[in-house]
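Below you'll find the structure, written out as structure tokens, and then a few comments.
The values are calculated or read from the model by the stated rules, or taken from the named source; none is laboratory data. These numbers were taken from a predicted model, which means no experiment stands behind them. A quick note on method: Cβ atoms are made from the backbone with ideal geometry, for glycine too, and the neighbour counts reach across all protein chains shown.
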Amino acid sequence: MSTPKPSLKARALRYLAAREHSRHELARKLARHAGEGDDIGAVLDWLQASKFLSEPRFAESLVNRRVARFGSSRIVQELQSHGIDPKTVAQVKTNLLIDEDERAWHVWQKKFGSLAASAAESAKQGRFLQQRGFSHGAIQSVMRRARNRPAHDPADHEPVD
């Protein structure tokens, strides 16, 4: 005898118990399990009305998971791919840009820790930061800061491979 499959509402609650989801992402996950006559939109509306599903909370959660490793453009692109409304994305972007130079510096220190010895190595370091979603201005700030810091700065950390 087989066990009855969970309802869409139960599945949604289980997904949300594990971590925050965007409406778009949760709809996609539930669609795989929807049967004829199931109304995914109604389930999502109920979840939002009951405060189980929240786009701003999802955005904050995603930012908190990504902010230490990625730049503003990468995080903003990920929020957009999750269907987060443009107003929320714009607010998040504004907040991320405030400390992007400092975040880029920490990512660079963790990965490299020292100024590039050649132009090729410098380009490699810049590409790494660019692929992480940091702006051109933040990358320039990191390279300028690396050139201007004293040798053997006690605040430096060893690079991690």
Among the residues of region 125-161, which ones are modelled with pLDDT under 95, of a type in the set (D, E, K, R) and out of contact with any Phe, Trp or Tyr (no Cβ under 7 Å at 6 or more places or on another chain)?
-> 144, 147, 149, 153, 156, 158, 161
Checking residue 38 against (1) surrounded by 17 or more Cβ atoms within 10 Å (Cβ to Cβ); (2) in contact (Cβ under 8 Å) with a residue 24 or more places away in the chain, which single condition isn't satisfied?
-> (1)
Output the residues belonging to region 97-140 that are outside any helix (DSSP H, G or I), within 17 Å of the chain's Cα centre (by Cα) and not hydroxyl-bearing (Ser, Thr, Tyr).
-> 99, 132, 133, 134
Restricted to region 34-70 and to residues being outside any helix (DSSP H, G or I) and in contact with a helix residue (DSSP H, G or I) (Cβ under 6 Å, 6 or more places away or on another chain), the residue nearest to residue 136 (Cα to Cα) is 53
